[in-house]
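> One structure coming up, written as structure tokens, with questions to follow.
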Amino acid sequence: MVPYAAGAYPEMGRQIKLMEFEEMPSTAYTEALFSGNLLDDPALVKRAQAAYDLLRAAALSPEASLTLLKSAAEEYRQCASTT
């Protein structure tokens, strides 16, 4: 999870999946609102891996992500109970 306070970050609004295989080259799949791309060009896969690394650096730890999700769920419950 990347908190809102982090601002803009790589792959914002898109999904990325990196795939590694034992006997085949690595590939990347990126998905946006209206398109999906399977990348097998090694240079593009390397760029996708670099973007993923930057995304991980901006993301919260698993523990902090869980804390933020719990906080948002509690805030939602409180708002829902007053309407």
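The values are calculated or read from the model by the stated rules, or taken from the named source; none is laboratory data. Keep in mind it's a predicted model, so treat the numbers as computed, not measured. Neighbour counts run over all protein chains shown; Cβ positions are idealised from the backbone, glycine included.
> Look through the stretch 27-45, keep the residues that are polar (S, T, N, Q) and more than 13 Å from E11 (Cβ to Cβ), and return whichever of them is modelled with the highest pLDDT.
Out of the qualifying residues, it is T27.
> Of (1) out of contact with any helix residue (DSSP H, G or I) (no Cβ under 9 Å at 6 or more places or on another chain); (2) modelled with pLDDT of 95 or more, A80 satisfies all except one. Which?
The single condition A80 does not satisfy is (2).
> Could you list, in sequence order, the residues of the stretch 1-18 that are in a loop (DSSP other than H, G, I, E, B) and touching a helix residue (DSSP H, G or I) at 6+ places or on another chain (Cβ under 6 Å)?
Residues satisfying the conditions are M1, V2, Y9, P10, E11.
> OK, next. Of the residues L69, L60, which single one is surrounded by 13 or more Cβ atoms within 10 Å (Cβ to Cβ) and either within 12 Å of the chain's Cα centre (by Cα) or in a helix (DSSP H, G or I) (or both)?
Exactly one residue qualifies, and that residue is L60.
> Filter the stretch 2-18 down to the residues that are hydroxyl-bearing (S, T, Y) and exposed (fewer than 10 other Cβ atoms within 10 Å of the Cβ) and list them by number.
Residue satisfying the conditions is Y4 alone.
> Output the number of the condition that T83 fails; it satisfies all remaining conditions of (1) assigned to a loop (DSSP other than H, G, I, E, B); (2) of a type in the set (S, T, N, Q); (3) under 20 Å from M12 (Cβ atoms).
(3)
> Being among the hydroxyl-bearing types (S, T, Y) and either assigned to a helix (DSSP H, G or I) or surrounded by 12 or more Cβ atoms within 10 Å (Cβ to Cβ) (or both) is the filter; apply it to the stretch 19-57 and report the residue that is farthest from the chain's Cα centre (by Cα).
If we take residues in the stretch 19-57 being among the hydroxyl-bearing types (S, T, Y) and either assigned to a helix (DSSP H, G or I) or surrounded by 12 or more Cβ atoms within 10 Å (Cβ to Cβ) (or both), then S26 is farthest from the chain's Cα centre (by Cα).
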